[in-house]
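Just below is one structure, and these are the notes that go with it.
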């Protein structure tokens, strides 16, 4: 603790000497203000990396649009932080906060939708079958099972589709393009 205080005092004195030499005393800022902004930017960069990892793990799901929005905000925030660090911008704190708020709002929306997460890469597996949920559209079922279902029957707003791969068969009934029921054979 004492070493940090001595180092900070030494830096302050050197900055004051430099400011006096250049006649820039009026606009002199203490190193602690700069240190705070730089620390804020570095801290935000680590949060951005955590959020990027979280969002990327949710790519190829029904939340793709929210994931892309969140990743966009992560990239914007990263650009702001890197600019502030590169320029040594003492007054960049509000920019960091603004970027952090936008990123946080997107991440909150994404986390709020987490219970509805459906991975679109399960294929013709038990995981794929379990991912088929009531109310889901046929296009979502196609993406989850990684192939297009073949229509087997239709009556008014009701339609039955089948997905087949080898000995595995998944049959789903849709009403008004919303999953109503499902059945499978060949999955254990």
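Of the numbered conditions (1) loosely packed, with under 12 Cβ neighbours inside 10 Å; (2) part of a helix (DSSP H, G or I), residue 188 fails exactly one; give the number of that condition.
(2) is the only condition that residue 188 fails.
Only one of these is touching a helix residue (DSSP H, G or I) at 6+ places or on another chain (Cβ under 8 Å) and either in contact (Cβ under 8 Å) with a residue 60 or more places away in the chain or more than 30 Å from residue 70 (Cα to Cα) (or both): 157, 187. Name it. Give the steps one after another, and end with the answer.
On the way: 157 fails: touching a helix residue (DSSP H, G or I) at 6+ places or on another chain (Cβ under 8 Å).
The unique qualifying residue is 187.
Tell me which helices (runs of 4 or more DSSP H) are completely within the stretch 32-148 and hold 3 or more residues being buried (at least 20 other Cβ atoms within 10 Å of the Cβ) and touching a helix residue (DSSP H, G or I) at 6+ places or on another chain (Cβ under 6 Å), or say none if there are none. Before you say what the answer is, go through the steps one by one.
On the way: elements: 64-87, 93-112, 126-131, 138-145.
Passing ranges, in order: 64-87, 93-112.
Do we have any residue at all in the stretch 9-17 that's in a helix (DSSP H, G or I), touching a helix residue (DSSP H, G or I) at 6+ places or on another chain (Cβ under 7 Å), at pLDDT below 60 and surrounded by fewer than 16 Cβ atoms within 10 Å (Cβ to Cβ)? Don't jump to the end; show me each part of the working.
First pass over the stretch 9-17, keeping only residues in a helix (DSSP H, G or I): 9-17.
Of the ones still in play, those that are also touching a helix residue (DSSP H, G or I) at 6+ places or on another chain (Cβ under 7 Å) are 11-12, 15.
Okay, now just the ones that are also at pLDDT below 60, so 15.
Next, only the ones that are surrounded by fewer than 16 Cβ atoms within 10 Å (Cβ to Cβ) stay: 15.
Taking every residue of the stretch 9-17 in turn, at least one turns out to be in a helix (DSSP H, G or I), touching a helix residue (DSSP H, G or I) at 6+ places or on another chain (Cβ under 7 Å), at pLDDT below 60 and surrounded by fewer than 16 Cβ atoms within 10 Å (Cβ to Cβ).
Take the stretch 81-111 and flag every residue that is under 19 Å from residue 53 (Cα atoms) and over 16 Å from the mean Cα position of the chain (by Cα).
Step one: list which residues in the stretch 81-111 are under 19 Å from residue 53 (Cα atoms), which gives 81-82, 99-111.
Residues satisfying the conditions are 81, 82.
For the stretch 114-129: of the residues being modelled with pLDDT of 85 or more and closer than 20 Å to residue 59 by Cβ, which is farthest from the chain's Cα centre (by Cα)? Spell out how you get there, then give the answer.
From the stretch 114-129, those modelled with pLDDT of 85 or more are 123-129; that's our starting set.
This time we only want the ones that are closer than 20 Å to residue 59 by Cβ, so: 123, 125, 127-128.
On the way: 123: 24, 125: 27, 127: 23, 128: 23 Å.
Result: 125.
Looking at the stretch 160-184, which of its residues are part of a strand (DSSP E or B), more than 18 Å from residue 126 (Cα to Cα), in contact with a strand residue (DSSP E or B) (Cβ under 9 Å, 6 or more places away or on another chain) and in contact (Cβ under 8 Å) with a residue 24 or more places away in the chain?
174, 180
The values are calculated or read from the model by the stated rules, or taken from the named source; none is laboratory data. Since the structure is predicted, the reported quantities are computational estimates derived from the model, not experimental observations. Here the Cβ is made from the backbone with ideal geometry for all residues, glycine too, and neighbour counts use every protein chain on show.
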